[in-house]
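Worksheet for the structure shown next.
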Amino acid sequence: MAIIKKPFSQDGSIDEYVLSNANGTRLHVTNWGARVTQFITKDKNGVPRDIVPGFSTYESWQESLKTDDP
């Protein structure tokens, strides 16, 4: 198993850890409340797929909070 740490937010205050194994499965989790941002695993046809709905970046989540709706 490999573990990689990389910045998740532009200001560097949030990091993302990527855990991967020899089968190509990858789990992306942040140090901000242990949020799972991606879980890449192979589907029944062997094609890698992200099975976590949501946002790939902290900034895209922040942007989604801005709305013109009352």
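Find the residue count for the stretch 43-55, including only residues that are outside any loop (DSSP other than H, G, I, E, B) and farther than 10 Å from Gly24 by Cβ. Don't jump to the end; show me each part of the working.
Step one: filter the stretch 43-55 for residues outside any loop (DSSP other than H, G, I, E, B), giving 48-50.
Retained after the next criterion (residues that are farther than 10 Å from Gly24 by Cβ): 49-50.
Residues that pass the stated criteria total 2.
Working only within the stretch 9-30, note down all residues that are closer than 21 Å to Glu63 by Cβ and over 9 Å from the mean Cα position of the chain (by Cα).
Selection gives Ser9, Gln10, Asp11, Gly12, Ser13, Ile14, Asp15.
Please verify whether Glu16 is acidic (Asp, Glu) and in contact (Cβ under 8 Å) with a residue 24 or more places away in the chain, treating the condition exactly as stated. Show your work before the answer.
Numbers: acidic (Asp, Glu): yes; in contact (Cβ under 8 Å) with a residue 24 or more places away in the chain: no.
It is false that Glu16 is acidic (Asp, Glu) and in contact (Cβ under 8 Å) with a residue 24 or more places away in the chain.
Look through the stretch 39-59, keep the residues that are in contact with a strand residue (DSSP E or B) (Cβ under 8 Å, 6 or more places away or on another chain) and among the small types (Gly, Ala, Ser), and return whichever of them is nearest to Gly12 (Cα to Cα).
The extreme case among them is Ser56.
Considering only the stretch 13-42, state which residues are within 22 Å of Ala2 (Cβ to Cβ) and outside any strand (DSSP E or B). Give the derivation first.
Of all residues in the stretch 13-42, those within 22 Å of Ala2 (Cβ to Cβ) come to 14-32, 34-42.
Of everything in the stretch 13-42, those that are within 22 Å of Ala2 (Cβ to Cβ) and outside any strand (DSSP E or B) turn out to be Ile14, Asn21, Ala22, Asn23, Gly24, Thr25, Asn31, Trp32, Ala34, Arg35.
Quick note: the coordinates plus some simple rules give every number you see, no bench work behind them. Owing to the predicted nature of the structure, the values given are computational and were not obtained by experimental measurement. Don't worry about glycine lacking a Cβ; one is built from the backbone with ideal geometry, like all the others, and counts go over all protein chains shown.
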